[in-house]
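> Have a look at this one before I ask anything.
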Amino acid sequence: MKKLVIFAAAAVTLSAIAATSSPKKDIAQNLDVFNALVKELQTYYVDSIDIEKSVTTAINAMLNDIDPYTEYIPFQDQEDFLTITSGEYGGIGSYITERDGWVYFSEPQPGSPAMEAGIKPGDKIVMIDNDSTRGWESARVSKTLKGQAGTKVKVTVHRPYVEDSVLTFELTRAKISQPSVPMSGIVGDGIGYIELTSFTERSPEEVKDALLALKEADPNLKGIVFDLRSNGGGLLESAVKIAGYFLPRGTEVLKTRGKGHLNERTYKTTERPIDTQIPLVILIDGGTASASEIVTGALQDMDRAAVIGTRSFGKGLVQSSRELPEDAMLKVTIAKYYIPSGRLIQAIDYSHRNPDGSVSRIPDSLTNVFYTAGGREVRDGGGITPDINVDYPDINRLTFSIVRDQWIFDYATKFAATHPSIAPAAEFVVTDSIWNDFKSTIDPTRFKYEKAWEEMFSAIRDVVKQEGYMNDSTDAEFTRLENMLRHDLNADLDLNRRHIEPYLGAEIVKRYYNRPGERRYLLRTDAFLDTAATLLNDPARYKAILAPVKR
C-alpha cells in the first residue's frame, strides 16, 4: 500500500508541474507511460528495486531541471524545513562538526541542555546511548541527538587535554530556539549594531526588541548598522514586518506576481514604525539573499538606508509549501517579487538554459535602469548593488589550510582547558605568548599545504625540460632559486600572522563568550563596519548618498 501512495505522490507532483505547459491529454499520456514503466521494472527487472528511492530520485531529477528552490520534501525530511521557518527544534542544543571519521561538538548553545550538562567544544562524540558513533556522518548524529522535548539521550564523549578523558552525560532534550539576532549592541561612539542571520516567525520580534534596546541604551544614536551579510532569507512576511520598522505605515514593500494577472499581490507595511528618521546602514554580501534582499532593496528603493558591501545573491523568487499524499510536501516557486522601484533582482533566469542544461547569471549589459523614490538610479537582475563597495580580504592558502584542517579549533580547545578565564571579548588580544604557543602545536609532518609559487615553479621547470633547455647549469639555477624562495613553516606563519590572528582570536573568544562574543571580537577589525561607522559619523555624506536627484 505504501508503494502505491508514494507513487501517487509522484503522480501529483508530476501533474502539478506538467500542467504549466502541457495539455491535459499529454499529461495523462506521460503519466501512463511513467506508471507502466515502474510496473514493468517491478515485474521484470533482474534484481529487486527500492521503489520509494527510485520514485524520489525521479521526482528530484524533474525538479532539479526547474530551479534549485522547488523541492520535494518527504515526511522524514521535514524537520529541518520546519526548523528553518520556526527557528525551533527538539534536541540538546549544540552545533557539531565532522572530521577524521568522528563527529565533535563545536558549539553548545547558551542555556541549552548540552551547555547546562557541561559539554564543551572539542568533545568527540564516541557513543550515543549504547551505539558507537565511529564512522557516523554528522547528519546521522544530528538526527539521533534531536527528538521530542522531555525525552532522554545518553552521550559519551572523549575530552582532550584532561585526565578523565571519557565522560558520559545524561541529557534531557528540550525545545531549542535558535535566535535570529545573535548579537546587537552599541559598537562605537553612538553607533548601534544589529546582526540578523535569518527570517523566521520570531525574527520581527527579535529585531524590534533589539531596536528598542539600542534606542534606550543611547537616545542620541548617530545611526544603526543592520548586518544582513550571509543571511540567506526565510519568511517573506517577516521581511515585510521588519522593513516596516523603518518605513511609514502603508508603504509598499514589494509586489509578487505569479501565473496570470489574478495572482499578483501587493505587500505594504501595516504597523506603526519604530523610527523613520534615524540614519540607517545595511551591510550585505554575496550570501545576502531572498528575504534579506527584500528588506535591503525596499529600504534602498525608498532612499531610507545606505547599503554597504558587495553585491547580493540575486534571488527574486517566492516559494510556498503544498501538501502531498503520505504527509509529504512540495516547496514550489509560485511567484517573482518586485521591490518598490519595480525591479526584479533575480540573477538567473532558470526558464532559459544553455544547450548543456546549465544556467548563467544575467550579464550587467542586459540589466535595466529603475529609479528610487528620490530618483537615484538602480538596476534589476543580479542582486542589490551597494551604494558603497567594500570587499572581503583575500584568504591565502596558508590561512585557508590552517582553518580548514582545524588547527585553530584544536588550539582553542587546548587553550580553554588550561585558562579558566580571559579578558572581555572587546578587549581580548592574541599576545606573542599565545601566538608562539599556537605555532608550537602545529606539527610540520602532518600539516601540508601547497604554495602557489611552488605549483607555478614546478610547471615552468617541466616546460623548460620539455623544450630542451634544461642542462646542468640551468638546473642548478632553478635549484638555487627554489632554495631562495623556500621558507620553513614557522617563518610562513609569522609572515601571515595578521591574516591568521583574527580567526585564532575569534575561536578562543567563542569558547568563553559564545557567538555574541565572537562577533564582538571580529567587529573590531571589520572593514564593512568601519566603513559604515565612518559614513554615519559624516552626516553630510550620508545625506548626499540618499539625496533626491532632479531629472
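The values are calculated or read from the model by the stated rules, or taken from the named source; none is laboratory data. No experiment lies behind these values; they were computed from the predicted model shown. All Cβ positions, glycine included, derive from the backbone under ideal geometry; neighbour counts span all protein chains shown. SASA here: full protein model, heavy atoms, side chains in, ligands and nucleic acids out. Shrake-Rupley method; radii C 1.70, N 1.55, O 1.52, S 1.80 Å.
> When all protein chains stay in place, what accessible area (Å², nearest 10, 1.4 Å probe) is found for residue 240?
10
> Just the number please: accessible area per residue for the chain, 1.4 Å probe, all protein chains included, in Å².
Dividing the accessible area of the chain by its residue count gives 53 Å².
> With a 1.4 Å probe and all protein chains kept in place, how do 499, 261, 352 rank by accessible area, largest first?
Sorted by accessible area, descending: 261, 352, 499.
> Something else about it: Provide the solvent-accessible area of residue 77, counting protein heavy atoms only and rolling a 1.4 Å probe, rounded to the nearest 10 Å².
90
> Compute the length gained on full extension between residue 445 and residue 494: take 0.36 nm times their separation in residues and subtract their Cα-Cα distance, giving the result in nm to one decimal.
Here the answer is 15.8 nm.
> Under a Cβ-only charge scheme (Lys and Arg +1, Asp and Glu -1), can you give me the dipole magnitude of the range 10-160 about the Cα centre, in debye to the nearest 20?
440
> Please tell me the relative contact order of the range 294-401 in percent, rounded to the nearest whole number, where contacts are Cα pairs under 8 Å and at least six residues apart.
33
> Can you pull the accessible area of residue 394 for me, 1.4 Å probe, Å² to the nearest 10?
Residue 394 has an accessible surface of roughly 140 Å² with all protein chains in place.
> Can you find, among 169, 104, 224, the residue farthest towards the positive end of the dipole of the chain? Put +1 on the C-beta of Lys and Arg, -1 on that of Asp and Glu.
Value: 224.
> Relative contact order for the range 80-210: what percent, with Cα pairs under 8 Å and sequence separation of 6 or more?
25
> Treating only the Cβ atoms of Lys and Arg (+1) and Asp and Glu (-1) as charged, compute the dipole magnitude of the range 82-150 about its Cα centre; round to the nearest 20 debye.
100
> Right, something else. Calculated FRET efficiency, residue 423 and residue 327, Cβ-Cβ r, R0 56 Å, to nearest 0.05?
Calculated value: 0.60.
> If you don't mind, there's one more thing I want to ask. Measuring from centroid to centroid over Cα atoms, what is the spacing of the range 112-140 and the range 348-393 in Å?
44
> Considering every pair of different Cα atoms, what Kirkwood radius, in Å, is found for the range 13-133?
After inverting the mean inverse Cα-Cα distance, the result is 18.8 Å.
> For the range 388-471, how big is the tail of P(r) above 17 Å, as a whole percent of Cα pairs?
In whole percent, the long-distance tail amounts to 67.
> Sticking with this structure for a sec: Roughly what % of DSSP beta bridges within the chain run antiparallel, to the nearest 5?
So the antiparallel bridges in the chain amount to around 75 percent.
> For residue 95, enumerate residues with amide H under 5 Å from its amide H, sequence gap 5+ or separate chain, H modeled in the peptide plane.
Here 106, 107, 109 satisfy the definition.
> Right, here's the next one. For 410, 32, what's the largest-to-smallest order of accessible area, 1.4 Å probe?
Accessible-area ranking of 410, 32, largest first: 32, 410.
> Further, regarding this structure: Could you state the per residue volume, in Å³, of the convex hull enclosing the Cα atoms of the chain?
Roughly 247 Å³ of hull volume per residue.
> Something else about it: Give me a comma-separated list of calculated 3J(HN,Hα) values for the range 113-121, in order, Karplus coefficients 6.51, -1.76, 1.60 applied at θ = phi - 60°, integers in Hz, x for any Gly or Pro.
x, 4, 6, 4, 6, x, 5, 10, x
> Right, another one. For a label point 7 Å from the Cα of residue 212 along Cα→C-beta, name the residues of the range 272-300 whose backbone N is under 17 Å from it.
272-276
> Over the alpha-carbon set of the range 255-382, work out the extent along each principal axis and list the three values in angstrom, largest first.
Principal extents (largest minus smallest coordinate, Cα): 50, 38, 29 Å.
> What number, in percent, do you get for the relative contact order of the range 413-551 if the mean sequence gap of Cα pairs under 8 Å and at least 6 apart is divided by its residue count?
Relative CO of the range 413-551 lands at 39 percent.
> Turning to a different aspect of this structure: Rounded to the nearest Å, what's the spacing between the alpha carbon centres of the range 407-458 and the range 154-229? Just the number, please.
26
> Can you tell which of 243, 463, 430 lies farthest toward the positive end of the dipole of the chain, using +1 and -1 charges on the Cβ of basic and acidic side chains (Lys, Arg; Asp, Glu)?
243
> While we're here: If DNA, RNA and ligands are ignored and the probe is 1.4 Å, what is the ranking of 52, 467, 107 by accessible area, most exposed first?
Largest to smallest exposure gives the sequence 467, 52, 107.
> Now a separate question. When DSSP assigns beta bridges and you keep just the ones with both residues in the range 260-371, what percent turn out antiparallel, to the nearest 5?
Close to 65 percent.
> Something else about it: Magnitude of the Cβ-charge dipole of the chain, K/R +1 and D/E -1, about the Cα centre, nearest 20 debye?
1660
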